[in-house]
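I have placed the structure first, in the form of structure tokens, so that the comments after it can refer back to it.
The values are calculated or read from the model by the stated rules, or taken from the named source; none is laboratory data. Just so you know, these numbers come straight off a predicted model, no measurement behind them. Reconstructed Cβ throughout: ideal geometry from the backbone, glycine too, with neighbour counts over all protein chains shown.
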Ligand code: UDP
């Protein structure tokens, strides 16, 4: 690796779902020889120290933030423990107060002699573009979302099309290519938004500032996400570079602060004992959970379908999120015992070694909330999905996978959806059977696996689309 004397400042929003993808990208760019200054508020920097490999030279730098000055509970510096949308919005609004400190930080870096190549900040920190340009430095926004998902999200907030129709389905005025959106694919805060409420004011102000940036970087792949990427290129008139998949390494993953509920070795041993393409993996990401009645239906569906499964079970809605596993309270009577006795199901509590699981040849399908990291991890292993999205752009990720890529069927939406065990069984069969549509979907998922592999191939005589995008971005920042 050629050591470069150029600095890149990276500044994610204060939420683990944002800091972790940023850190993953930072580690990748660090390997290319750049010096990284990673900025956040004190508590987040403290947490991030645990995630940094000992060999890393990334500088973690604090900027001041006093939550109590903004009417927030003392010490609240990220969304991880936030349980209401009101409090989350308070934090979003309070984050605007970071502007003068961010300006000072850039000024100090430059006056200290650092050669600043560019600043990469969060999609919720678009105000940093103007501050960065004051110093004549290149600015990019990075998001860990898909282009399609983010495109729908952007268009929905900027147009609020559901306010202008009585119909349950509508298209996006500036993004017809996305097809119809159904009201069940809107979050509550968006359903209630009318353009003058606090969420609309914050988000519309913030999204409108994206055009001030010099580029958008997305953790996605041109070959599977072209529609969303084209939307932003035309809409914003900016270069939009897909540089993904940028995925956490297994080493780095275990440092994420979450304690696995099961050792990867045990999981692999269990999977080794199962036939090829016979296991359904179920996980709803790091935050989402389902309702108690949905959990019952899912468990009964698993028994009815008779497939092998690994299920990351979290406390259902209404229970303490840190509660210890209560098999008899959350699941049908005797379910956990039967799964174990018949050696048919592995119930994992809290946290599973997801990438190791998805990489195993016994895994046939992934029942997922369609968080974009989970989607990329699944498709990087050629595993088709059963979608159960819960909020934000997850609905549109599922839509992309079902309607455009052809590697997913959707089983439910959100926590209010009255899901029936028969329907779940039907969807599981649609993806897990050895013939028909399931076979086609698996073949498609394998094609996508190859496309993703090619996108990040960096060889003397071949550079994949994501490798080229990264080079174009760094060259543009140098100009
Ligand atoms: N993850 C994991 N084990 C779990 C749950 C989640 O390793 O039991 C990881 C998963 O591999 C992914 C991330 O957590 O990298 C979840 O990100 P995603 O974008 O899918 O969803 P989010 O948690 O942000 O809703």
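When every residue of the stretch 171-182 is checked against the conditions, at least one turns out to be touching a strand residue (DSSP E or B) at 6+ places or on another chain (Cβ under 8 Å), in contact (Cβ under 8 Å) with a residue 12 or more places away in the chain, assigned to a helix (DSSP H, G or I) and under 20 Å from residue 226 (Cα atoms). Which one is surrounded by the fewest Cβ atoms within 10 Å (Cβ to Cβ) among residues in the stretch 464-478 that are under 18 Å from residue 137 (Cα atoms) and free of Cβ contacts under 8 Å to residues at least 40 places away in the same chain? Checked the stretch 464-478; the qualifying residue surrounded by the fewest Cβ atoms within 10 Å (Cβ to Cβ) is 475.
For the stretch 262-272, the criterion of being surrounded by fewer than 20 Cβ atoms within 10 Å (Cβ to Cβ), at pLDDT 95 or above and touching a helix residue (DSSP H, G or I) at 6+ places or on another chain (Cβ under 9 Å) is satisfied by at least one residue. When 279, 259, 246, 240 are screened for being within 14 Å of the ligand (Cβ to nearest atom) and either in contact with a helix residue (DSSP H, G or I) (Cβ under 6 Å, 6 or more places away or on another chain) or at pLDDT 95 or above (or both), only 246 passes. Within 16 Å of the ligand (Cβ to nearest atom) and in a loop (DSSP other than H, G, I, E, B): does that describe residue 317? Judged against the criteria, residue 317 is a match. Evaluated against (1) assigned to a helix (DSSP H, G or I); (2) within 16 Å of the ligand (Cβ to nearest atom); (3) modelled with pLDDT under 95, residue 83 falls short on exactly one condition, (1). Give the number of residues within the stretch 58-100 that are more than 23 Å from residue 200 (Cβ to Cβ) and exposed (fewer than 15 other Cβ atoms within 10 Å of the Cβ). Residues that pass the stated criteria total 10.
Take residue 411 and decide whether it is under 30 Å from residue 85 (Cβ atoms) and either away from the ligand (no atom under 12 Å from the Cβ) or in contact with a strand residue (DSSP E or B) (Cβ under 9 Å, 6 or more places away or on another chain) (or both). Yes; evaluated as a whole, the condition is true for this residue. Here residue 333 fits the description: surrounded by fewer than 24 Cβ atoms within 10 Å (Cβ to Cβ), part of a loop (DSSP other than H, G, I, E, B) and over 17 Å from the mean Cα position of the chain (by Cα).
Among the residues of the stretch 336-355, those that are more than 9 Å from the ligand (Cβ to nearest atom), surrounded by fewer than 21 Cβ atoms within 10 Å (Cβ to Cβ) and in a helix (DSSP H, G or I) comprise 336, 337, 338, 340, 341.
Residue pairs whose Cβ atoms lie under 6 Å apart, sitting 6 or more positions apart in sequence or on different chains, and linking a residue in the stretch 332-356 that is farther than 15 Å from residue 306 by Cβ and free of Cβ contacts under 8 Å to residues at least 40 places away in the same chain to a partner that is more than 16 Å from the ligand (Cβ to nearest atom) and part of a loop (DSSP other than H, G, I, E, B), do not occur here.
Hey, could you check the stretch 320-330 for residues that are more than 20 Å from residue 280 (Cβ to Cβ) and under 28 Å from the mean Cα position of the chain (by Cα) and say which is nearest to the ligand (Cβ to nearest atom)? Taking the candidates together, the pick is 321.
Count, please, the residues in the stretch 365-389 that happen to be part of a loop (DSSP other than H, G, I, E, B), over 18 Å from residue 244 (Cα atoms) and either free of Cβ contacts under 8 Å to residues at least 24 places away in the same chain or more than 8 Å from the ligand (Cβ to nearest atom) (or both). Looking only at that region, the number is 3. Being within 12 Å of the ligand (Cβ to nearest atom) and either without any contact (Cβ under 8 Å) to a residue 60 or more places away in the chain or not in a loop (DSSP other than H, G, I, E, B) (or both) is the requirement here; does residue 402 meet it? Spelling it out, it is not the case that residue 402 is within 12 Å of the ligand (Cβ to nearest atom) and either without any contact (Cβ under 8 Å) to a residue 60 or more places away in the chain or not in a loop (DSSP other than H, G, I, E, B) (or both). Pick from the stretch 183-214 the residues that are touching a strand residue (DSSP E or B) at 6+ places or on another chain (Cβ under 9 Å) and assigned to a loop (DSSP other than H, G, I, E, B): which of them is surrounded by the fewest Cβ atoms within 10 Å (Cβ to Cβ)? Checking each candidate, the answer is 214.
The condition (being closer than 26 Å to residue 143 by Cβ and either surrounded by fewer than 21 Cβ atoms within 10 Å (Cβ to Cβ) or out of contact with any helix residue (DSSP H, G or I) (no Cβ under 6 Å at 6 or more places or on another chain) (or both)) is satisfied by just one residue among 385, 376: 376. If you go through the stretch 113-127 and pick out every residue that is in a loop (DSSP other than H, G, I, E, B), modelled with pLDDT of 95 or more and more than 17 Å from the chain's Cα centre (by Cα), you end up with 3.
The rows are residues; the columns are (1) over 20 Å from residue 142 (Cα atoms); (2) in contact (Cβ under 8 Å) with a residue 60 or more places away in the chain; (3) in a helix (DSSP H, G or I).
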residue: 5; (1), (2), (3): yes, yes, no
residue: 17; (1), (2), (3): no, yes, yes
residue: 27; (1), (2), (3): no, yes, yes
residue: 43; (1), (2), (3): yes, no, yes
residue: 53; (1), (2), (3): yes, yes, no
residue: 57; (1), (2), (3): yes, no, no
residue: 68; (1), (2), (3): yes, no, yes
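If a residue has to be in contact with a helix residue (DSSP H, G or I) (Cβ under 6 Å, 6 or more places away or on another chain) and surrounded by fewer than 16 Cβ atoms within 10 Å (Cβ to Cβ) to count, how many in the stretch 438-463 make the cut? Final tally of qualifying residues: 1.
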